[in-house]
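I have placed the structure first, in the form of structure tokens, so that the comments after it can refer back to it.
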Amino acid sequence: MRLNEKRIAKLADVLVDELLEEDLIDFKPTRKQMVAEVSRFITHDLAIEDEITNEAMEKIQTYSRKIPEGTTEWMLLLAKHKDEIATKRGYVL
């Protein structure tokens, strides 16, 4: 996961502030509950993206020719496979 819990909590806090400021929330849970729920959603979303990335990396490892990680070819294949996997799952990266 690219964000630690502290950064996720800060992002959730900023998002909740914006949602409240724009009056985009119809129900009124406590601020703490809103931040916790947004944090949970962000964490879940990042975990899905990590799963997709790992699955794409596994596909690259099955190639008969070794493709060095981090090379342009490897990065292009990773992006291609991530897009395919995400599309198959109905997920937008």
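The values are calculated or read from the model by the stated rules, or taken from the named source; none is laboratory data. Note that the structure is a prediction, hence the values are computed from the model and not measured. Cβ: placed from backbone, ideal geometry, glycine included. Neighbour counts: every protein chain shown. Surface accessibility is based on the protein's heavy atoms, side chains included, excluding ligands, DNA and RNA. Shrake-Rupley method; radii C 1.70, N 1.55, O 1.52, S 1.80 Å.
This table checks each residue for (1) of a type in the set (Lys, Arg); (2) in contact with a Cys (Cβ under 6 Å, 6 or more places away or on another chain); (3) assigned to a helix (DSSP H, G or I); (4) without any contact (Cβ under 8 Å) to a residue 60 or more places away in the chain.
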residue	(1), (2), (3), (4)
20	no, no, yes, yes
24	no, no, no, yes
40	yes, no, yes, yes
53	no, no, yes, yes
56	no, no, yes, yes
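Go through region 61-93 and count every residue that is part of a helix (DSSP H, G or I), within 27 Å of residue 4 (Cβ to Cβ) and among the aliphatic types (A, V, I, L, M).
First, pick out the residues of region 61-93 that are part of a helix (DSSP H, G or I): 61, 72-89.
Next cut, within 27 Å of residue 4 (Cβ to Cβ) only: 74-75, 78-79, 81-83, 85-86, 89.
Now drop any that are not among the aliphatic types (A, V, I, L, M), which leaves 75, 78-79, 85-86.
Of the residues in that region, 5 qualify.
Looking only at region 76-89, how many residues end up being loosely packed, with under 13 Cβ neighbours inside 10 Å and either among the β-branched types (Val, Ile, Thr) or at pLDDT 95 or above (or both)?
Residues that pass the stated criteria total 4.
What are the residues in region 1-29 that are open to solvent by 80 Å² or more (accessible area, probe 1.4 Å) and farther than 24 Å from residue 86 by Cβ, if any?
Matches in region 1-29: 5, 6, 10, 18, 21, 22, 23, 24, 26, 27, 28.
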